[in-house]
Amino acid sequence: MKGLGLAASVSCFTMLTAYAQDKNIPKELYVAASIPDSLKEEANAVVRYSMDDVEVKGPGHSVEKFHTIVTILNEKANSEAVISLPYNRKFSTVSSFEMIIYDAAGKQLKKYHKGDMYEHAAEDNVTLVTDDRLMLIGHTIASYPTTVEMVYEIDNSSLIDIDTWHIQQLEQAVQHSYYHIAISQTAGFRYLNKNTTIKPQKSTINGMDNYAWEVSNLKGYKLEEGAEKWRVLPKIQFTSNAFEFYGVKGDFSSWQSFGNWIKALNADVCSLTPAREAEIRKMTDTIKTDKAKARFLYSYLQQNMRYVSIQLGIGGLKPFAATFVDQKKYGDCKALSNYMVALLKSVNIKAYYTIINAGANQEPAEDAFPSNRFNHIIVCVPFKGDTTWLECTSNTQPFGKLGSFTENRRGLLITEDGGRLVRTPRSTMDDNRFNSEVQIVLDADGGAKAKVKILGTGEYRSEYFGVESLKADEQKEFFQRVLNMKQPNFFEIKPSGDKDGVKELNMELEYDKFCDVAAGNKQFYRPKVFDLWGVTVPVLEKRKSDYYFESPVQKACVTTIDLPAGFEVETLPANQSLKFAYGTYEISYLYDAAKNQVTSKASFKLTNQVIPAAKYTEFQQYMDAVAKAQNKKLVIRHKA
């Protein structure tokens with residue numbers, strides 16, 4: 001009956017009065033014991049009450065009011081007692097803020113105000129200078145459960161998109177949550193449901209369209225291994241056709257119109273001086289084809305420019321001038337991509353500045369819902385029958401290769417006619433190769449010395465560039481973890497090269513004990529230094545989500561093992577050939593008695609990086625079979 005009473009008291013927050021930031025919230029919502037048991041399953045925190053109230057007063061101008069009450073059940077949800085509010089001194093203000101902490105019984109323990117917050121620039125690992133700022137505060141949880149209430153208001157005067165209502169986070173239950181937005185009837189308001197089918201109540205008040213949504217009693221959701229949260233978590237995206245960003249008005253009614261806005265924004269920064277253009281033409285005048293000229297100029301960019309992120313003013317969207325980059329030799333993704341387009345334009349090669357949402361397996365832009373969900377810039381060069389894509393922030397990426405950071409998603413070309421949404425190419429397993437040769441020399445006491453040569457392309461090549469910059473201990477730890485490498489007593493990476501998009505790594509290893517088991521005159525070995533494939537996944541009765549890898553891959557390894565003098569093979573592991581819908585694994589063994597040498601050849605292929613949920617059981621069984629195949633023993637013995 002207590003639960004029914006709570007439901008009745010909450011129901012008084014009718015959809016068109018809830019957004020008034022009602023202060024008469026039932027006391028039960030501050031008491032941890034009143035949480036329904038069903039909401040504690042798979043949840044580290046429970047949103048007892050949440051109200052987002054947004055008023056869009058005009059293009060680019062909104063006032064957002066937030067009120068949340070969250071009960072933290074355990075230490076995994078401590079982040080619920082921490083908040084970071086972005087703002088900009090010119091275009092957004094945190095008008096007010098309060099955070100109140102309650103114990104399990106709902107008794108107030110502590111109260112924080114705006115003046116208690118810590119303020120600093122919104123810098124990250126790549127941004128050197130920015131106008132954007134953060135206000136932060138956090139409370140250290142002493143015991144569980146603890147309830148945290150936050151009430152704050154943000155005033156914005158520069159917006160492209162309006163907002164996103166993230167209805168629920170991972171391993172978080174929601175008891176009651178509301179969202180309200182008021183916006184002009186002429187603004188061209190649009191919204192898009194993701195992973196939810198809820199519909200708003202709509203009314204018109206004083207010439208403003210009002211939309212209100214509510215949800216209740218959402219159970220916690222734990223993300224399945226290998227799943228992407230944007231595919232499962234419920235949210236609603238909001239935008240309007242009319243916007244204003246840093247004082248510049250724009251139209252987002254279509255991808256074309258937004259592209260025209262970007263084109264106009266960049267119009268005065270996308271060319272080099274006539275004298276510099278003449279120098280660029282002279283640099284390339286002996287190169288015969290446009291494709292070869294583009295390759296040369298991309299190499300010039302990589303060798304002479306460096307990536308530095310500086311986000312000042314409208315520079316958050318507008319690049320530094322091509323002339324600035326040419327002189328200073330640095331820029332961020334916008335500036336370097338704009339500069340690359342200018343270099344190509346100097347030699348009469350058409351290229352398009354392209355905005356995109358970067359990051360492996362990131363959420364794609366929606367064809368039918370124009371909105372600014374992008375975070376990166378690349379370049380598209382539309383050669384006839386051979387469109388080429390350039391990642392301009394990397395000084396090691398091969399010409400015409402994107403990689404998992406930006407491949408296989410929609411990007412917005414900024415063309416002469418405005419924006420055009422297109423799909424970037426998808427890599428194949430042939431683009432991401434791992435080829436290795438391993439030579440192992442066993443000694444009679446069970447120790448070994450090994451030499452490893454790895455040739456990597458695509459994602460492997462990129463990964464190994466990063467490894468070379470690590471300290472020796474970090475390199476050792478990396479390969480032990482990534483390759484499930486048996487821990488050596490001595491480990492060294494030798495200087496290696498990079499040619500034609502193939503990165504080479506050479507390692508020398510020594511083991512005091514390479515033998516797994518010695519019994520009588522026999523020695524038992526896993527006949528390898530590392531696992532060619534290291535992924536296994538749990539058994540699930542019914543998989544709900546697709547499983548994501550970063551890219552399709554192809555791996556191969558040839559291993560030779562020289563047996564100690566006086567030993568011979570007793571048992572070779574069996575040859576195996578395994579298959580599933582999106583890949584194969586094969587391994588074979590051969591013993592050459594004359595050389596007293598064992599040779600194994602292994603190959604693994606993953607043809608698609610997304611495994612549909614319907615194929616999960618087959619995938620899981622296949623991965624288990626690969627793991628078992630890699631753990632078969634080689635048995636050697638003293639010769640009679």
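The values are calculated or read from the model by the stated rules, or taken from the named source; none is laboratory data. Bear in mind the structure is a predicted one, so any value in this text is a computation, not a measurement. Because the Cβ atoms are built from the backbone with ideal geometry, glycine has one as well, and the counts that use them run over all protein chains shown. Just so you know, the surface numbers come from the protein's heavy atoms only, side chains and all, with ligands and any DNA or RNA stripped out. Shrake-Rupley method; radii C 1.70, N 1.55, O 1.52, S 1.80 Å.
Please work out if THR284 is open to solvent by 60 Å² or more (accessible area, probe 1.4 Å) and either in contact with a helix residue (DSSP H, G or I) (Cβ under 9 Å, 6 or more places away or on another chain) or β-branched (Val, Ile, Thr) (or both).
Spelling it out, it is not the case that THR284 is open to solvent by 60 Å² or more (accessible area, probe 1.4 Å) and either in contact with a helix residue (DSSP H, G or I) (Cβ under 9 Å, 6 or more places away or on another chain) or β-branched (Val, Ile, Thr) (or both).
Residue pairs, Cβ under 8 Å, 6 or more apart or interchain, first in the stretch 341-353 and assigned by the TED database to the domain that holds ASP290 and in contact (Cβ under 8 Å) with a residue 12 or more places away in the chain, second part of a loop (DSSP other than H, G, I, E, B) and open to solvent by 20 Å² or more (accessible area, probe 1.4 Å). List them.
Close Cβ pairs (under 8 Å, with a partner that is part of a loop (DSSP other than H, G, I, E, B) and open to solvent by 20 Å² or more (accessible area, probe 1.4 Å)) amount to VAL341/CYS270; ALA342/CYS270; ALA342/SER271; LEU344/LYS350; LYS345/CYS270; LYS345/SER271; TYR353/CYS270.
This table checks each residue for (1) touching a Lys or Arg at 6+ places or on another chain (Cβ under 8 Å); (2) open to solvent by less than 50 Å² (accessible area, probe 1.4 Å); (3) within 30 Å of GLU550 (Cα to Cα).
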| residue | (1), (2), (3) |
| --- | --- |
| ILE181 | no, yes, no |
| LYS194 | yes, yes, yes |
| SER203 | no, yes, no |
| ASN210 | yes, yes, no |
| PHE238 | yes, yes, yes |
| TRP255 | yes, yes, yes |
| ASN260 | no, no, no |
| ALA275 | no, no, no |
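Within the stretch 402-514, considering only strands (runs of 3 or more DSSP E) that don't extend past its boundaries, which have at least 1 residues that are closer than 28 Å to PHE374 by Cβ and touching a Ser or Thr at 6+ places or on another chain (Cβ under 6 Å)?
Counting at least 1 such residues, we get 410-415.
Filtering the stretch 17-64 down to residues that are farther than 19 Å from GLU98 by Cβ and of a type in the set (Lys, Arg), which residue is modelled with the highest pLDDT?
LYS40
For SER469, indicate whether it is at pLDDT below 95, among the hydroxyl-bearing types (Ser, Thr, Tyr), farther than 17 Å from CYS557 by Cβ and open to solvent by less than 60 Å² (accessible area, probe 1.4 Å).
no
Which numbered condition in (1) surrounded by fewer than 18 Cβ atoms within 10 Å (Cβ to Cβ); (2) in a strand (DSSP E or B) is the only one that ASP52 fails?
(1)
Residues that are closer than 24 Å to ARG48 by Cα: which strands (runs of 3 or more DSSP E) entirely in the stretch 176-246 hold 2 or more of them?
Where strands (runs of 3 or more DSSP E) fall fully within the stretch 176-246 and carry at least 2 residues being closer than 24 Å to ARG48 by Cα, they are 189-194, 208-218, 235-240.
Are any residues in the stretch 515-541 without any contact (Cβ under 8 Å) to a residue 24 or more places away in the chain, more than 30 Å from GLU224 (Cα to Cα) and in a loop (DSSP other than H, G, I, E, B), and if so, which ones?
Across the stretch 515-541, the qualifying residue is only GLY520.
One line per residue, one yes/no per condition, for (1) in contact (Cβ under 8 Å) with a residue 40 or more places away in the chain; (2) among the aliphatic types (A, V, I, L, M):
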{"position": "THR68", "(1), (2)": "yes, no"}
{"position": "ILE72", "(1), (2)": "yes, yes"}
{"position": "ALA77", "(1), (2)": "yes, yes"}
{"position": "LEU85", "(1), (2)": "yes, yes"}
{"position": "LYS90", "(1), (2)": "yes, no"}
{"position": "GLY106", "(1), (2)": "yes, no"}
{"position": "TYR112", "(1), (2)": "no, no"}
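Before we move on, is GLN201 assigned by the TED database to the domain that holds VAL70 and touching a Ser or Thr at 6+ places or on another chain (Cβ under 8 Å)?
No: the conditions fail for GLN201.
Looking only at the stretch 83-126, count how many residues are at pLDDT 95 or above, out of contact with any Leu (no Cβ under 9 Å at 6 or more places or on another chain) and open to solvent by less than 20 Å² (accessible area, probe 1.4 Å).
1
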